[in-house]
Ligand code: PHE
């Protein structure tokens, strides 16, 4: 270790202070890591060639008598500083040398596995039940024309049936003919029309997707929500097929003990129309707060496809030079539509539909 011994220009207080400050800086700059702690100790504290010994020998040799004591004190302080640095380095945990900047001893970055959002999961579960029955998925646009959303589904312009679906319309549509005006679809039923125009029977489709209504939002009403629509058209399709299909689907979703029943209802595009109810899954039909003590929960709308719908479809098919394929004397069908939020609320005991859209991780993590 033949490093240069620093010069001490003078033995007055300020020169001594400055010289020791430089040495202290030097020690600090070298503060040893665990790996070379022994080299650091030898370099500074080695008994014969240690830097501290060499410097103190050099400086004390020519020191005037009165400077010996202050020099000695400062050498002691420097020694303590070096020893403290050594202790600290020795106490530091041993880390294997990092390779290419990666410290393999650090904990890995753990990513929580992603899950389907509970609404998407419910939607996929519903769709899967129908896939099991041979249905395929059909999709359609969320910005829809008045024709597909209303007119072809037998809601004539200005007909009061339109009031049942308070509609969000796009701006700047007044110049267009009524049927071409754009709106946010109020239900997934327009995809019935789009599919039948594109394809001849037999048809078995499920249509999952977003729908929009001008709702004052509360626990059970949202301006944007999700539906799953179903349509089955073939020869000899009867109301019994509708009942059997939906009864099977409800048992798949809610458990085999659940019962279904059908009440007369009205939709312009089905005739006859029905509301389907399931026996309350909370009280098994005995009556509780959730089913308003009726033992039944209303779940979806359904019915036999109205011949007027078939007529609209064939009219468009002919206009597009496709053969008419929906003669109500030859084909019949049923359709149904259900709200996904409502089903997810029942399945998971969630009181407010908005909770699904709150992006609250404490809520969502319960489904992981
Ligand atoms: N489209 C109807 C609604 O949103 C539900 C429905 C679909 C009813 C299919 C009958 C047949 O209210």
Check: If you check residue 177 against the conditions, is it at pLDDT 95 or above, exposed (fewer than 15 other Cβ atoms within 10 Å of the Cβ) and farther than 29 Å from residue 253 by Cβ?
Finding: yes
Check: Just checking, how many residues over the range 171-204 are within 16 Å of the ligand (Cβ to nearest atom) and under 20 Å from residue 302 (Cβ atoms)?
Finding: 14
Next item on the list: Confirm whether residue 311 is more than 16 Å from the ligand (Cβ to nearest atom) and under 18 Å from residue 335 (Cβ atoms).
Entry: yes
Check: residue 161 versus (1) touching a residue at least 40 places away in the same chain (Cβ under 8 Å); (2) in a loop (DSSP other than H, G, I, E, B); (3) out of contact with any strand residue (DSSP E or B) (no Cβ under 7 Å at 6 or more places or on another chain): which is the lone unmet condition?
Finding: (2)
Next item on the list: Spot the failing condition for residue 262; the list is (1) within 14 Å of the ligand (Cβ to nearest atom); (2) closer than 18 Å to residue 128 by Cα; (3) surrounded by fewer than 19 Cβ atoms within 10 Å (Cβ to Cβ), and only one is missed.
Entry: (2)
Notebook entry, point to check: Could you count how many residues in the range 205-230 are within 11 Å of the ligand (Cβ to nearest atom) and outside any strand (DSSP E or B)?
Noted result: 1
Item checked: Scan of the range 148-170 for residues that are within 16 Å of the ligand (Cβ to nearest atom), farther than 15 Å from residue 214 by Cβ and touching a helix residue (DSSP H, G or I) at 6+ places or on another chain (Cβ under 8 Å), ordered by number -> 148, 151, 152, 153, 154, 155
Check: Filter the range 43-63 for residues that are more than 16 Å from residue 7 (Cβ to Cβ) and loosely packed, with under 15 Cβ neighbours inside 10 Å; which is farthest from the chain's Cα centre (by Cα)?
Finding: 48
Next item on the list: Among the residues of the range 265-279, write down those that are under 21 Å from residue 138 (Cα atoms) and away from the ligand (no atom under 11 Å from the Cβ).
Entry: none
Next item on the list: Scan the range 292-308 residue by residue and report those that are away from the ligand (no atom under 16 Å from the Cβ) and more than 31 Å from the chain's Cα centre (by Cα).
Entry: 292, 293, 294, 295, 296
Next item on the list: Output yes when any residue across the range 344-360 is at positive phi, surrounded by 15 or more Cβ atoms within 10 Å (Cβ to Cβ) and free of Cβ contacts under 8 Å to residues at least 40 places away in the same chain, and no when none is.
Entry: no
Checklist line | Enumeration of residues in the range 231-248 that are within 14 Å of the ligand (Cβ to nearest atom) and assigned to a loop (DSSP other than H, G, I, E, B) | finding: 237
Next item on the list: Please determine, by comparing only the residues of the range 226-242 that are farther than 16 Å from residue 326 by Cα and crowded, with 21+ Cβ neighbours inside 10 Å, which one is nearest to the chain's Cα centre (by Cα).
Entry: 226
Item checked: Residues that are within 30 Å of residue 23 (Cβ to Cβ), in a loop (DSSP other than H, G, I, E, B) and modelled with pLDDT of 85 or more, drawn from the range 64-119 -> 64
Notebook entry, point to check: Across the range 317-336, which residue is farthest from the ligand (Cβ to nearest atom) among those that are farther than 12 Å from residue 201 by Cα and crowded, with 22+ Cβ neighbours inside 10 Å?
Noted result: 334
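The values are calculated or read from the model by the stated rules, or taken from the named source; none is laboratory data. Treat the numbers as computed from the prediction; the structure is a model and nothing was measured. With ideal geometry, Cβ positions are generated from the backbone for all residues, glycine too; neighbour counts draw on all protein chains shown.
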